[in-house]
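Readers should treat all values here as calculations from the given coordinates under stated rules, not as data from a laboratory. Everything numeric in this text was worked out from a predicted model, so none of it was measured. FYI the Cβ positions are ideal-geometry reconstructions off the backbone, even for glycines, and counts take in every protein chain you see.
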């Protein structure tokens, strides 16, 4: 039986978040984004040494910072059904507000939070499908810069 080189249900590219407290990140993503924990590997002391979550059709991997590479904060852009609702849920889960929900000239309603492990999560709900020219007009730029 041959093994698929790319596991079923996994994208070719996925973020790997390296944080000081992967357990805290797991708890946050489950509470804030209703993430499903699909894998959790523990060290002998019970701490999380690797974990994977699924948020809708996306997989995010995570693990602890190590002496050879420290925590690496990152920014993720996540499309959600309701930006305002997910923003409120993320704040309830311990995130700090970085940007309150607002309609953007490119057609998305977005908000941003800084999670408890230092990562920024931009939450977006597509409200309008716009052409590059329409976006440029709203932003006061040429469509080459949109």
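From the largest down, the range 107-146 spans 38, 19, 11 angstrom on the principal axes of its Cα atoms. If R0 is 41 Å, the Cβ-Cβ spacing of residue 85 and residue 2 corresponds to a FRET efficiency of close to 0.40.
Here the label points at residue 103 and residue 14, each 7 Å from Cα along the C-beta direction, are separated by 3.6 nm in the simple model.
Over the range 5-74, the Kirkwood radius and the radius of gyration, each from Cα atoms, give a ratio Rg/Rh of 0.96.
Taking the range 16-145, how much of its Cα-Cα pair set, in percent, is spaced more than 23 angstrom apart? Taking all Cα-Cα pairs of the range 16-145, the fraction more than 23 Å apart is 40 percent. Extending 7 Å from the Cα toward the beta-carbon at both residue 41 and residue 138 defines two label points whose distance is 4.3 nm.
Please give the FRET efficiency for residue 57 paired with residue 96, using the beta carbon to beta carbon distance and R0 = 22 Å, rounded to the nearest 0.05.
Numbers: r = 27 Å, r/R0 = 1.24.
That gives a FRET efficiency of 0.20.
Principal-axis analysis of the Cα atoms of the chain puts helix 22-33 at an angle of about 40° to the longest axis.
Compared with the dominant principal axis of the Cα atoms in the chain, helix 83-92 is inclined by about 40°.
With contributions of -39500 (n - 2.57) from each DSSP H run of at least four residues, the per-residue ellipticity at 222 nm computed over the chain stands at -6000 deg cm²/dmol.
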